[in-house]
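Below you'll find the structure, written out as structure tokens, and then a few comments.
The values are calculated or read from the model by the stated rules, or taken from the named source; none is laboratory data. Bear in mind the structure is a predicted one, so any value in this text is a computation, not a measurement. Cβ placement follows ideal geometry from the backbone for every residue including glycine, while neighbour counts extend to all protein chains displayed. Remember, those area values only see protein heavy atoms, side chains included, never the ligands or the DNA or RNA. Shrake-Rupley method; radii C 1.70, N 1.55, O 1.52, S 1.80 Å.
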Amino acid sequence: YTYVPLIGVFVLAAWGFHDLSCRWRLSRNLVIPLLILLLSSLFVTTWFQVGHWRNGVELFSHALAVTKNNGLANLNLGKALYDEGRFKEAIPFFQEAVRIIPNNSMGYSNLGIALGKVGKLEEAIEYGRRAQEMNPNDAGAYLGLGYALIRQGMVKEAIDAYRRAFQIEPVPSSAFTNLGVELAQEGKVAESIAIFREAIRMNGGDAYAYYNLGYALLLQEKTQEAIPFLRQAVRLNPGDPKMSNKLNEALRMKEK
């Protein structure tokens, strides 16, 4: 957004320097070394400055180093750390962003989500609800709140939060399927089943949601209930041997 407006400035500088050098009768032997010195200085300055743009963490760490009480930089640095999976490191920056900009719902939302990721569920729910109250149209606040609620076993409230998030800003059903898998791996099979059912409700063509729901039901020894979901998964994705094998396994279990 600055390149085009600066074209006129660069033209003025280039042609203006030429006119000044002619007026001042600067010799060619003096002008060329001056230009080389100027361009070399700009090159070195650019080299160091570009280093700060290597990634979000570098950029916003530098922004915090050269400014004070910068809520936006704290928020963005926290987000950059979060995106790298460094949830615990992100939390202090979200907390500082909330302190500096207390009326920014995004800060509360991101803080709640990060706290949920490190297992501080009660705090995560508190900040998620606060973000939701500040901005009822913040889909991220509902997603973060749902993430913490379901880990607290508050399945119905969590599903309501996810549904509200989807109404505000539709997200792929795979996001819910992945969450269900994560819950199942943590041993929270009942919660994962609720999430897989919600993923199917959102997208009836998600083969992995059907497969994972069937798999989770098998873990609860609900073979008869699991088979229709596994069959649907195979119909939707017939080329996946994993799904076919799991269906055959369930059919053999039923015959025993």
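With respect to (1) over 25 Å from Glu182 (Cα atoms); (2) within 19 Å of the chain's Cα centre (by Cα); (3) of a type in the set (A, V, I, L, M), the lone exception for Ala65 is condition (2).
Within the range 235-247, does at least one residue satisfy the condition of being more than 18 Å from Val181 (Cα to Cα), modelled with pLDDT of 95 or more and buried (at least 19 other Cβ atoms within 10 Å of the Cβ)? Checked against the condition, which is being more than 18 Å from Val181 (Cα to Cα), modelled with pLDDT of 95 or more and buried (at least 19 other Cβ atoms within 10 Å of the Cβ), the range 235-247 yields no hits at all. Looking only at residues that are part of a helix (DSSP H, G or I) and free of Cβ contacts under 8 Å to residues at least 24 places away in the same chain in the range 134-157, which one is surrounded by the most Cβ atoms within 10 Å (Cβ to Cβ)? Restricting to residues being part of a helix (DSSP H, G or I) and free of Cβ contacts under 8 Å to residues at least 24 places away in the same chain, the top hit is Gly146. Exactly one residue among Glu198, Glu169 is open to solvent by less than 40 Å² (accessible area, probe 1.4 Å), more than 21 Å from Leu115 (Cα to Cα) and not aromatic (Phe, Trp, Tyr), and that residue is Glu198.
Please determine, by comparing only the residues of the range 53-70 that are part of a loop (DSSP other than H, G, I, E, B) and surrounded by 12 or more Cβ atoms within 10 Å (Cβ to Cβ), which one is modelled with the lowest pLDDT.
The selected residue is Asn55.
Of everything in the range 105-124, what is of a type in the set (A, V, I, L, M, F, W, C) and open to solvent by 20 Å² or more (accessible area, probe 1.4 Å)? Give them in sequence order.
Within the range 105-124, Met106, Ile113, Val118, Leu121 meet the criteria.
Residues in the range 236-256 that are in a helix (DSSP H, G or I), charged (D, E, K, R) and under 13 Å from Tyr208 (Cβ atoms): Lys242, Lys246. Yes or no: the range 183-194 includes at least one residue that is open to solvent by 10 Å² or more (accessible area, probe 1.4 Å), in a loop (DSSP other than H, G, I, E, B) and at positive phi. The answer is yes, given that some residue of the range 183-194 is open to solvent by 10 Å² or more (accessible area, probe 1.4 Å), in a loop (DSSP other than H, G, I, E, B) and at positive phi. Cβ-Cβ contacts under 6 Å between residues 6 or more apart (or on different chains), taken from a first residue in the range 77-93 that is under 12 Å from Gly107 (Cβ atoms) and open to solvent by 50 Å² or more (accessible area, probe 1.4 Å) to a second residue that is in a helix (DSSP H, G or I) and not polar (S, T, N, Q), are listed as Phe93/Leu77; Phe93/Gly78.
Of all the listed residues (Pro172, Pro228), the sole one being free of Cβ contacts under 8 Å to residues at least 60 places away in the same chain and more than 26 Å from Gly144 (Cα to Cα) is Pro228. Every condition in (1) surrounded by 16 or more Cβ atoms within 10 Å (Cβ to Cβ); (2) closer than 30 Å to Asp160 by Cβ; (3) touching a helix residue (DSSP H, G or I) at 6+ places or on another chain (Cβ under 6 Å) holds for Ala73 except the one numbered (2).
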